[in-house]
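Student: The structure is given below, and queries will be raised subsequently.
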Amino acid sequence: MELSKVIFQKMLEIKKYIQGKVVFLGVGNSMRGDDGLGDRFIEELRKSKKSKSSQIYLFKGAQVPENYLEPIAKIKPDRIFIVDALDFGASPGKVRLFKEVGPQSNFSTHALSLNFILDYLRKRTEAEVFILGIQPAQLQWGATLSPEVEATVKELVNQLS
């Protein structure tokens with residue numbers, strides 16, 4: 001199945017949750033290849049018309065998403081999407097929506113685990129909280145986004161816009 005069909009199917013799943021106040025929190029390290037996809041997603045979504053909605057809030061959490069947890073809680077969102085590179089054993093660029101991550105997916109360049117962030121946001125906001133995980137191709141220092149992940153990020157933003 002071609003990339004745009006796969007992304008479109010995943011976006012149909014995600015779009016049903018884009019109601020009310022919605023937060024997208026990008027996380028990761030842009031100096032480590034595909035780990036920077038969360039912040040790239042936020043940058044691209046900011047450029048799109050969808051981000052102009054008064055109900056969509058965008059945060060570039062980079063390596064310190066914990067710095068944005070209280071500002072996010074003050075918004076009182078209905079839904080929160082944490083966008084991150086997540087190794088779930090699929091082909092590079094594959095997208096999955098998670099409610100939590102298992103111990104096998106604990107790769108992280110952040111100080112706090114994703115599960116801690118998920119739990120904290122759920123307790124503070126009563127929002128539905130998801131991880132929008134994208135399978136990375138490479139995470140080497142000094143690398144840029146892989147072509148597969150770059151294409152996925154752009155297609156996700158296009159489908160959301």
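The values are calculated or read from the model by the stated rules, or taken from the named source; none is laboratory data. None of these values were measured; they are calculated from a predicted model. Please note: Cβ atoms are built from the backbone with ideal geometry, for glycine as well, and neighbour counts cover all protein chains shown.
Student: How about region 79-98: which of its residues are surrounded by fewer than 21 Cβ atoms within 10 Å (Cβ to Cβ) and within 19 Å of Leu37 (Cα to Cα)?
Tutor: The answer is Asp87, Phe88, Gly89, Ala90, Ser91, Pro92, Lys94, Arg96, Leu97, Phe98.
Student: Taking Asp119 and the conditions (1) more than 28 Å from Ser48 (Cβ to Cβ); (2) modelled with pLDDT of 85 or more; (3) not in a helix (DSSP H, G or I), which numbered condition does it fall short on, given that it satisfies the others?
Tutor: Tallying (1) more than 28 Å from Ser48 (Cβ to Cβ); (2) modelled with pLDDT of 85 or more; (3) not in a helix (DSSP H, G or I), Asp119 fails exactly one: (3).
Student: If you don't mind, another one. Within region 20-75, how many residues turn out to be under 23 Å from Arg96 (Cβ atoms) and charged (D, E, K, R)?
Tutor: Here the count works out to 9.
Student: On to the next question. Need pairs with beta-carbon distance below 6 Å; first residue assigned to a helix (DSSP H, G or I) and within region 150-161, second not hydrophobic (A, V, I, L, M, F, W, C); sequence gap 6+ or separate chains.
Tutor: Filtered contacts from region 150-161: Thr152/Gly93; Val153/Arg40; Glu155/Ser4; Val157/Glu44; Val157/Ser48; Leu160/Lys50.
Student: Can you name the residue in region 1-54 that is part of a loop (DSSP other than H, G, I, E, B) and over 26 Å from Pro71 (Cα atoms) and, of all such residues, is modelled with the lowest pLDDT?
Tutor: First, the residues of region 1-54 that are part of a loop (DSSP other than H, G, I, E, B): 1-2, 16-21, 28-32, 48, 53-54.
Still in the list and also over 26 Å from Pro71 (Cα atoms): 1-2, 32.
Details: Met1: 46, Glu2: 54, Arg32: 90.
The selected residue is Met1.
Student: Here's another thing I want to ask about it. Going residue by residue through region 57-65, is there one that turns out to be closer than 20 Å to Gln138 by Cα, among the hydrophobic types (A, V, I, L, M, F, W, C), at pLDDT 90 or above and in a strand (DSSP E or B)?
Tutor: no
Student: Across region 24-54, which residue is surrounded by the most Cβ atoms within 10 Å (Cβ to Cβ) among those that are among the polar types (S, T, N, Q) and without any contact (Cβ under 8 Å) to a residue 60 or more places away in the chain?
Tutor: Looking at residues that are among the polar types (S, T, N, Q) and without any contact (Cβ under 8 Å) to a residue 60 or more places away in the chain, I get Ser30.
Student: When region 71-86 is examined, which residues are found to be on the phi < 0 side of the Ramachandran plot, touching a residue at least 40 places away in the same chain (Cβ under 8 Å) and either basic (Lys, Arg) or not in a strand (DSSP E or B) (or both)? Before you say what the answer is, go through the steps one by one.
Tutor: We begin by selecting, within region 71-86, every residue on the phi < 0 side of the Ramachandran plot; these are 71-75, 77-86.
The next check asks that each one be touching a residue at least 40 places away in the same chain (Cβ under 8 Å); those that pass are 72-73, 75, 77-86.
Once the filter is applied, which keeps residues that are on the phi < 0 side of the Ramachandran plot, touching a residue at least 40 places away in the same chain (Cβ under 8 Å) and either basic (Lys, Arg) or not in a strand (DSSP E or B) (or both), region 71-86 yields Ile72, Ala73, Ile75, Pro77, Asp78, Arg79, Leu86.
Student: If a residue must be hydroxyl-bearing (Ser, Thr, Tyr) and either under 20 Å from Gln19 (Cβ atoms) or part of a helix (DSSP H, G or I) (or both), how many such residues does region 122-149 contain?
Tutor: Residues flagged as hydroxyl-bearing (Ser, Thr, Tyr) and either under 20 Å from Gln19 (Cβ atoms) or part of a helix (DSSP H, G or I) (or both) within region 122-149 amount to 1.
Student: Sticking with this one: Counting just the residues of region 119-161 that are more than 17 Å from Gly28 (Cα to Cα) and of a type in the set (Val, Ile, Thr), which one comes out surrounded by the most Cβ atoms within 10 Å (Cβ to Cβ)?
Tutor: So, considering only residues that are more than 17 Å from Gly28 (Cα to Cα) and of a type in the set (Val, Ile, Thr), the one surrounded by the most Cβ atoms within 10 Å (Cβ to Cβ) is Val129.
Student: Has region 55-78 got any residue that is among the hydroxyl-bearing types (Ser, Thr, Tyr) and exposed (fewer than 13 other Cβ atoms within 10 Å of the Cβ)? Working first, answer last.
Tutor: Within region 55-78, the subset among the hydroxyl-bearing types (Ser, Thr, Tyr) is 57, 68.
In the following step, the residues that additionally are exposed (fewer than 13 other Cβ atoms within 10 Å of the Cβ) were identified as none.
Looking for residues that are among the hydroxyl-bearing types (Ser, Thr, Tyr) and exposed (fewer than 13 other Cβ atoms within 10 Å of the Cβ), one finds none in region 55-78, hence no.
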